[in-house]
Amino acid sequence: MSEGKDSPGRQSGPQLWTGRFTEATDAFVERFTASVHFDARLALYDIEGSKAHARMLADVGVLTAEEGRAIVDGLEAIREEIEAGRFEWSPRLEDVHMNIEHRLTERIGEAGKKLHTGRSRNDQVATDVRLFLRDAVDAIVGELRRFQRGLVDLAEREAETVMPGFTHMQVAQPVTFGHHMLAWYEMLERDAGRLEDCRRRLNQCPLGAAALAGTSFPVDREATAAALGFDGPTRNSLDSVSDRDFAIEFCAAGATVMTHLSRMAEELVLWTSPHFGFVELPDRFCTGSSIMPQKKNPDVAELVRGKAARVHGSLVTLLTLMKGQPLAYNRDNQEDKEPLFDAVDTVRDALTAFADMVPAMEVDRARCRAAARAGFATATDLADYLVCRGVAFRDAHAVVGRAVRYATDAGKDLAELELEELRQFSPAIGEDVYQVLTLEGSLAARDHVGGTAPAQVCRQVEAAKRRLG
Ligand code: ARG
């Protein structure tokens, strides 16, 4: 439809609610209120919900068995039309629900007009979105777990690889590459928990709440809930049709996933730059420059970092959408779908990209090691050594600070200083100091739960593998 063509005042289309109205809907309003161009994505969930509703109506005697069967068969046939791409969606029929119901009546006649008994699009759409999101969460958690498995394998391969750990982006202390990968794993573990928690809460069935107050028909809400795999019916009809917490919760969990992925992405961008050169990403995940032949760009990582913005945006959109809405259903709620769909697609794709790419990267162990050696990463170990020899930590800190300044001027690492050079800063330093100044010594010393020692990394890898099953 081109801009301005259906200007206010012009009218078109068959009407869905002819009884109450004396003029047809304005053509612009029809276009403005239609949602089928995006909510058609809910079609198969809508059909499942309608089948469960029709079967229940037949079981409680509101419909005859024959009518129930005709509706279910008709809906099945429509599902096939949709899956085959033969279904014709009409914006005049406003949304996915009216399109399918209208087609049902076209196909099966009178019985089709009875499907909407005892329900409303308000409980219908709330049910559809929950069904959609339940599947989406399952798919997303699946990709997240796959990524975690990849990280655990990488951590196992690089359990002994030394790299610099950073604070303030300055070299701080040596860590193992495996330990760093397990830090990413932990972020994802919390994300999985949040998503699973969201799924638990969303798995309640609004059907039967009807428009807002429930229905005068003797509906069996437990039956429809069970048929659709919900844990049970929702408890309050007003809340059922107006609640979109599940969408907000998903976007909050998804936004946190994306924040985590963007942090990983940032590290990948740094690590693949020639200045770091810690890792190399497979060519198939990178792109070149149209002008600079030497370039190999980490575009996938950058895009994941950038796409975090979309999901954060969806979260804010949904929070703002719901803010200040009085009970019960308001048409505002139709605006929940596009941000939710976009968040679902973005989170899933970002996880797929990283699950494929990150475990396939190659670690340059020599570069990682050289970087850890270059930044006085074992200075804390020297201070700890002095403490063990009776020097108070604050004094030890000052001693090592002076030694680092001296080594910097001499262009050497602490481990490269002669014993006599080191002893000018403290007589407590002995021959055995070199054991703690080595990278391996520093790593091995941090051998406690959560520490970076290779032995601890291996232990955490085993525990993570058991959890992942
Ligand atoms: N398309 C609507 C939505 O997404 C369906 C519910 C419409 N209900 C109504 N009373 N207008 O929210």
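Residue pairs whose Cβ atoms lie under 6 Å apart, separated by 6 or more positions or on different chains, with the first residue in region 216-232 and closer than 14 Å to Val60 by Cβ and among the charged types (D, E, K, R) and the second surrounded by fewer than 19 Cβ atoms within 10 Å (Cβ to Cβ) and at pLDDT 95 or above, are Asp220/Val60.
Taking region 340-354 as the range and being of a type in the set (Gly, Ala, Ser) and open to solvent by 10 Å² or more (accessible area, probe 1.4 Å) as the test, only Ala353 passes. Regarding Arg130, is this residue open to solvent by 30 Å² or more (accessible area, probe 1.4 Å), within 30 Å of Leu238 (Cα to Cα), within 16 Å of the ligand (Cβ to nearest atom) and touching a Pro at 6+ places or on another chain (Cβ under 8 Å)? It is false that Arg130 is open to solvent by 30 Å² or more (accessible area, probe 1.4 Å), within 30 Å of Leu238 (Cα to Cα), within 16 Å of the ligand (Cβ to nearest atom) and touching a Pro at 6+ places or on another chain (Cβ under 8 Å).
Selection within region 176-212: residues that are part of a loop (DSSP other than H, G, I, E, B) and open to solvent by less than 20 Å² (accessible area, probe 1.4 Å). The member of this set that is farthest from the ligand (Cβ to nearest atom) is Asn203. Just one of the numbered conditions (1) touching a residue at least 12 places away in the same chain (Cβ under 8 Å); (2) over 37 Å from the mean Cα position of the chain (by Cα); (3) open to solvent by 10 Å² or more (accessible area, probe 1.4 Å) is not true of Gly68: (3). A search for C-beta distances below 7 Å between a residue of region 22-47 that is more than 30 Å from Ala227 (Cβ to Cβ) and any residue that is more than 11 Å from the ligand (Cβ to nearest atom) and of a type in the set (A, V, I, L, M, F, W, C), counting only pairs 6+ apart in sequence or on different chains, returns Arg31/Met1.
Taking helices (runs of 4 or more DSSP H) as the structural unit, those lying wholly within region 386-469 and holding at least 2 residues that are more than 47 Å from the chain's Cα centre (by Cα) and at pLDDT 95 or above correspond to 393-410, 419-423.
Rundown of residues vs (1) at pLDDT 95 or above; (2) within 30 Å of Glu222 (Cβ to Cβ); (3) under 18 Å from the mean Cα position of the chain (by Cα), yes/no style:
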site	(1), (2), (3)
Ala111	yes, yes, no
Leu154	yes, no, no
His180	yes, no, no
Glu196	yes, yes, yes
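It is to be established whether one or more residues within region 134-156 are open to solvent by 10 Å² or more (accessible area, probe 1.4 Å), among the β-branched types (Val, Ile, Thr) and part of a helix (DSSP H, G or I). Checked against the condition, which is being open to solvent by 10 Å² or more (accessible area, probe 1.4 Å), among the β-branched types (Val, Ile, Thr) and part of a helix (DSSP H, G or I), region 134-156 yields at least one hit. The residue of region 235-258 that is farthest from the ligand (Cβ to nearest atom), among those that are hydroxyl-bearing (Ser, Thr, Tyr) and open to solvent by less than 20 Å² (accessible area, probe 1.4 Å), is Ser240.
A single entry from Ala410, Ala360 fulfils the requirement of being open to solvent by less than 70 Å² (accessible area, probe 1.4 Å) and in contact with a Pro (Cβ under 8 Å, 6 or more places away or on another chain): Ala360.
For region 147-168, the condition holds for no residue, the condition being that it is within 16 Å of the ligand (Cβ to nearest atom) and in contact (Cβ under 8 Å) with a residue 12 or more places away in the chain. The residue of region 99-116 that is farthest from Asp345 (Cα to Cα), among those that are open to solvent by 30 Å² or more (accessible area, probe 1.4 Å) and away from the ligand (no atom under 16 Å from the Cβ), is Glu110. Of Ala343, Ala371, Ala377, all but one fail to be touching a residue at least 24 places away in the same chain (Cβ under 8 Å), under 44 Å from the mean Cα position of the chain (by Cα) and under 30 Å from Val311 (Cβ atoms); the exception is Ala343.
The values are calculated or read from the model by the stated rules, or taken from the named source; none is laboratory data. Since we're looking at a predicted model, the values are computed, not measured. Please note: Cβ atoms are built from the backbone with ideal geometry, for glycine as well, and neighbour counts cover all protein chains shown. These area figures cover heavy atoms from the full protein model, side chains too; ligands, DNA and RNA do not enter into them. Shrake-Rupley method; radii C 1.70, N 1.55, O 1.52, S 1.80 Å.
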